[in-house]
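*Asks:* Dropping a structure here in structure tokens format, bear with me for questions.
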Amino acid sequence: MNRLVALVFEGGRRQGEISGWVGRARQELALSLCIKLALSEAFDEVTLITDNPLLYDRAATIAAVSAELDPCCGGNYHFGARLGQALGSRPGDGFVYMGGGSGFFMTIPEIVRFAEMVRDNPGAVVSNNPFSADMFGSSDSGAVAQLDLPPSDNAVPMIAAAAGMRMLALESSIGSAFDVDTPSDLLVLASAIPHLAPGEKAVLDVIVSGPVEPALGRLRQARDVLGTGFSEVALIGRVSPATVMELNRITHCRLRVFSEERSMRAFGRDVPGGARSLIGRHVEAIGPEGFFADLAWCCDAAFIDTRVLFSHMRAALSQEQRFASDLGLHDRIENPAVAQFVKSACEAQLPVGIGGHSLVSGGVRVLATAEHSTRSDVV
């Protein structure tokens, strides 16, 4: 390996008010990540690859960061093809790839350890989650470039493993586990930045410029429950053992966990009708109002990965409608069953956070860490 390069990808055309807001926030996150990668001094090159000319111009002004204006983005964009192109132009180098919404809470020592793991393990792919990655790296860019790379980043480590490369996982932390893709992730950031990253004002300003209320208020109520001793908290969806272990470590909550359809996206089950959800069957059997009444009977707060349920419900939602669901904007959702589920979540007799996979993985861990930082009675 001649050099080690860091590649940050951020771009894509986002249609709609909410999607555009998420995109603007991710641009700020990508710039923040590039600065942190450069400050780590762990890489010979830090490059942001984007199709957004304004983001390209801003990145080009950051010391020790270069930028590439991507001609491949747009309707025909294929992540694997673009990654292969980037790696092919850097023969002999090792690399670390990170999505623009990843790594916000990674510390510089964590970034250095990531780089060291890549350098010290030739022939391996190092990732934050081997089954659904937001960041990964290898000391052999040529070997990765020759793989049949997928259209999205999540499945790259699995494809590398199928080709005979070793898989190694980063130590799980809020830095490696939390990725920003959806409005629910932005709500988590709005709740946590004042406690965990008070210097990130530019990111917070973009977030609070969006339609965050009243969903942010409900999420803060759920966060408060995480800091209440012996409270009952439900985690539903693609919940990992690492998340449960971390919450057990830093909270005094009693967790009620129902984990299903982990790696749903990597296995191609994130399509209408692709997932099979026992929770979804229960919602269908007693209705969403009855489901949330049952949840309030046994829990003080809940965090729900709705994407599993939406797939189970055969709901073909646009990105804008999925994002509206995260914010509780049920009147913007065309599917009646999904709209009623979201409405019932907002009206439930307990605070309910709803969102994508990150909410019940890195997101709830970030909330618990933020709540822990404000309380002296939580260990």
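Read-outs throughout are calculated quantities, based only on the coordinates presented, and are distinct from any laboratory measurement. Keep in mind that this is a model prediction, so the values were computed, not measured. Heads up, the Cβs are rebuilt from the backbone with ideal geometry, glycines too, and the neighbour counts pull from every protein chain shown.
*Asks:* By Kyte-Doolittle mean hydropathy of at least -1.0 and Cα axial length of at least 20 Å, which whole DSSP H helices of the chain are selected? Don't skip to the answer; put the middle values down first.
*Replies:* On the way: long enough: 17-40 (35 Å, 0.53).
Long hydrophobic helices here: 17-40.
*Asks:* Also, quick follow-up: Looking at the range 183-374 from every direction and averaging, what is the projected area of its Cα convex hull in nm²? If you can, show how the numbers build up before the last one.
*Replies:* On the way: hull surface 40.2 nm².
It is 10.0 nm².
*Asks:* Okay, moving on. Which value in deg cm²/dmol, rounded to the nearest 500, describes the helix-derived mean residue ellipticity at 222 nm for the chain, given -39,500 (n - 2.57) per DSSP H run of n ≥ 4 and division by the residue count? It would help to have the intermediate numbers written out before the result.
*Replies:* Details: 16 runs with 175 residues, N = 379.
The per-residue figure over the chain is -14000 deg cm²/dmol.
*Asks:* Shifting gears a bit: Fewest to most neighbouring Cβ within 10 Å: what's the order for 33, 7?
*Replies:* Values: 33 26, 7 23.
Least crowded to most crowded, the residues run 7, 33.
*Asks:* Residue separation times 0.36 nm, minus the C-alpha to C-alpha distance between residue 314 and residue 54: what's the value? Spell out each step's value before the answer.
*Replies:* On the way: separation 260, 0.36 × 260 = 93.60 nm, distance 3.79 nm.
Full extension from residue 314 to residue 54 adds 89.8 nm.
*Asks:* Please report how far the C-alpha centroid of the range 272-348 lies from that of the range 15-88, rounded to the nearest whole angstrom.
*Replies:* Cα centres, the range 272-348 to the range 15-88: 33 Å.
*Asks:* Considering Cα pairs under 8 angstrom that are at least six residues apart, work out the relative contact order of the chain and quote it in whole percent. Write down the numbers at each step before the final one.
*Replies:* On the way: 772 pairs, mean separation 63.2, N = 379.
The value is 17 percent.
*Asks:* Can you list the residues, at least 5 places off or on another chain, whose amide H is less than 5 Å from the amide H of residue 42, using H built in the peptide plane?
*Replies:* Result for residue 42 returns nothing.
*Asks:* So which residue, out of 263, 361, 184, gets the largest mean-square fluctuation from a GNM of the chain using Cα contacts under 10 Å as springs?
*Replies:* 263
*Asks:* Compute the distance in nm between two label points, each set 7 Å from the Cα along the Cα-to-Cβ direction, one at residue 78 and one at residue 61.
*Replies:* 3.7 nm
*Asks:* How many Å³ per residue does the convex hull of the Cα positions in the range 191-304 occupy?
*Replies:* Working: hull volume 17.1 nm³, N = 114.
It is 150 Å³ per residue.
*Asks:* As a test, work out the antiparallel percent of DSSP beta bridges whose residues both lie in the chain, rounded to the nearest 5.
*Replies:* On the way: 8 of 41 bridges.
Given both bridge residues lie in the chain, the antiparallel proportion sits at roughly 20 percent.
*Asks:* Any chance you could list the semi-axes, whole Å, largest first, of the equivalent ellipsoid that the Cα gyration tensor gives for the range 1-132, using √(5λ)? All intermediate terms of the calculation are to be shown ahead of the outcome.
*Replies:* Details: eigenvalues 113, 55, 43 Å².
Taking √(5λ) for each Cα gyration eigenvalue gives 24, 17, 15 Å.
*Asks:* Can you tell me which of 180, 239, 208 moves the most in a GNM of the chain? Springs connect C-alpha atoms under 10 Å apart.
*Replies:* 208
*Asks:* Whole-Å semi-axes of the chain's equivalent ellipsoid, largest first, each the root of 5 times a Cα gyration tensor eigenvalue? Write out the running numbers ahead of the final one.
*Replies:* Values: eigenvalues 227, 96, 84 Å².
Taking √(5λ) for each eigenvalue gives 34, 22, 20 Å, largest first.
*Asks:* Just want to confirm a number: the relative contact order over the range 183-374, from Cα pairs under 8 angstrom separated by 6+ residues, in percent.
*Replies:* On the way: 326 pairs, mean separation 61.2, N = 192.
Computed over the range 183-374, the figure is 32 percent.
*Asks:* Around residue 102, which amide H atoms from residues at least 5 apart in sequence, or from another chain, sit under 5 Å from its own amide H, with H modelled in the peptide plane?
*Replies:* The answer is 180.
*Asks:* Here's a follow-up. Expressed in nm to one decimal, what extension gain is obtained for the pair residue 162 and residue 121 from 0.36 nm per residue of sequence separation less their Cα-Cα distance? Don't skip to the answer; put the middle values down first.
*Replies:* Working: separation 41, 0.36 × 41 = 14.76 nm, distance 1.77 nm.
Length difference between fully extended and current span is 13.0 nm.
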